[in-house]
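The values are calculated or read from the model by the stated rules, or taken from the named source; none is laboratory data. Treat the numbers as computed from the prediction; the structure is a model and nothing was measured. All Cβ positions, even for glycine, are placed from backbone atoms using ideal geometry, and neighbour counts span all protein chains on display.
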Amino acid sequence: MIPVVVVHGGAGHVPRERSEKSMEGVCSAARAGYTILRGGGNSMDAVVETVTQLENNPAFNAGCGSVLTNKGDVEMDAIVMDGKTLGSGAVSAVRNIANPIQLARLVMDKTSHVYLTAEGASQFARSMGIPEVPPESLVTEYSRMRWKKNLRPDANPVECQMGKMGTVGAVAVDSEGNIACATSTGGILNKMEGRVGDTPCIGSGGYADNNVGAVSTTGHGEAIMKVTLARLILFHMEQGKSAEAASDLALDYMKSRVGGLGGVVTVDPQGHWAARFSSLQMIWAAAQNDTLHYGLYTGEHFTQSIDDPH
Ligand code: GLY
């Protein structure tokens, strides 16, 4: 088995002045995940490390850098899934921790549940010794500026969101053939307090099954949930479609059926992978065979050695 990790930094349109930093962030996160896989590590450790790096990077809408609710607060959602056991862990509407993806993994590893939300999730984080961070440490100047702009009565936050950045996520296959996915988000711009999107919902924000493959999604959560985008892609793969064809079919369906745009990273058990999107752009990177692949626009695909100085 040839290990692979595929990463996305959100579907939408990346403003020119932010594209270099965002691309560097996604490539560096892919390198970190691949370093774990190359050292014989497992796919779950690889996707959690990859997404943790993106949560810690203020250029992305997850962890520090998350978009704000209509009240001006950060509320974050995350999911992990293990393709060997179909075990999953998810959290939603968590406010004052730096890395929701690590909390989602603890839900999977340390409880008999799949999904914890809001204050219950925070209590569980405290019981696991996860440090609380001041809420303002997760808020950037950029997210505050976008929040203010979208408080205006004529604002269209969904349109504005698709014009900027989305969720982060990763899928990986390790040398044992085990598959995992991880997805994390601040949600959508100026969302109602308490709104939960697709990201923590199993089959929508992600899905992993060693028998079929794994998907992590990004885009408009209300549309993604209506078509259970991640599981729909795996359904098409079960019917014999490639990772790429299945991703395109499901994204086309989401666009025609519910008018939703988004993007996905997908792998199959043989390590074939795809990074596909119906939005204008999606920052993505993949690492396999000591080669880093990356791109931003449809059809764009650059490569370099994983060990090249960067
Ligand atoms: N896809 C992220 C969200 O809609 O919350």
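Yes or no: region 111-120 includes at least one residue that is at pLDDT below 95, among the aromatic types (Phe, Trp, Tyr) and within 22 Å of Asp198 (Cβ to Cβ).
No; the residues of region 111-120 include none that is at pLDDT below 95, among the aromatic types (Phe, Trp, Tyr) and within 22 Å of Asp198 (Cβ to Cβ).
Could you run through region 70-84 and say how many residues are within 13 Å of Val114 (Cα to Cα) and away from the ligand (no atom under 13 Å from the Cβ)?
3
Surrounded by fewer than 24 Cβ atoms within 10 Å (Cβ to Cβ) and either out of contact with any His (no Cβ under 6 Å at 6 or more places or on another chain) or closer than 18 Å to Met81 by Cα (or both), is that true of Ala230?
For Ala230, the condition - surrounded by fewer than 24 Cβ atoms within 10 Å (Cβ to Cβ) and either out of contact with any His (no Cβ under 6 Å at 6 or more places or on another chain) or closer than 18 Å to Met81 by Cα (or both) - is not met.
Within region 85-102, is even one residue charged (D, E, K, R) and over 14 Å from Ala121 (Cβ atoms)?
The answer is no, given that none of the residues of region 85-102 is charged (D, E, K, R) and over 14 Å from Ala121 (Cβ atoms).
Among the candidates Glu238, Glu244, which residue alone is free of Cβ contacts under 8 Å to residues at least 60 places away in the same chain, touching a Ser or Thr at 6+ places or on another chain (Cβ under 8 Å), more than 12 Å from the ligand (Cβ to nearest atom) and acidic (Asp, Glu)?
After ruling out the rest, the residue left standing is Glu244.
For region 49-107, what are the residues that are within 16 Å of the chain's Cα centre (by Cα), more than 19 Å from Lys191 (Cβ to Cβ) and hydroxyl-bearing (Ser, Thr, Tyr)?
Across region 49-107, the qualifying residues are Thr50, Thr52, Ser88.
So which of Ser143, Ser137 ends up being hydroxyl-bearing (Ser, Thr, Tyr), within 15 Å of the ligand (Cβ to nearest atom) and out of contact with any strand residue (DSSP E or B) (no Cβ under 9 Å at 6 or more places or on another chain)?
Of the residues listed, the single one that is hydroxyl-bearing (Ser, Thr, Tyr), within 15 Å of the ligand (Cβ to nearest atom) and out of contact with any strand residue (DSSP E or B) (no Cβ under 9 Å at 6 or more places or on another chain) is Ser143.
Where in region 167-235 are there strands (runs of 3 or more DSSP E), lying wholly inside it, with at least 3 residues that are near the ligand (Cβ under 8 Å from one of its atoms) and more than 17 Å from the chain's Cα centre (by Cα)?
Those strands (runs of 3 or more DSSP E) do not exist here; none qualify.
Hey, does region 218-237 have a residue that's of a type in the set (Asp, Glu) and within 27 Å of Leu37 (Cβ to Cβ)?
Checked against the condition, which is being of a type in the set (Asp, Glu) and within 27 Å of Leu37 (Cβ to Cβ), region 218-237 yields no hits at all.
Does region 201-218 hold any residues that are among the hydrophobic types (A, V, I, L, M, F, W, C) and under 14 Å from Ala243 (Cα atoms), and which are they?
To start, the set of residues in region 201-218 that are among the hydrophobic types (A, V, I, L, M, F, W, C) comprises 201-202, 208, 212, 214-215.
Answer for region 201-218, where residues must be among the hydrophobic types (A, V, I, L, M, F, W, C) and under 14 Å from Ala243 (Cα atoms): Ala208, Val212, Ala214, Val215.
Would region 30-46 turn up any residue that is more than 19 Å from Ala275 (Cα to Cα), of a type in the set (Val, Ile, Thr) and modelled with pLDDT of 95 or more?
Checked region 30-46: at least one residue is more than 19 Å from Ala275 (Cα to Cα), of a type in the set (Val, Ile, Thr) and modelled with pLDDT of 95 or more.
May I ask you to list the residues in region 152-166 that are more than 11 Å from the chain's Cα centre (by Cα) and either crowded, with 24+ Cβ neighbours inside 10 Å or at pLDDT 95 or above (or both)?
Gln161, Met165
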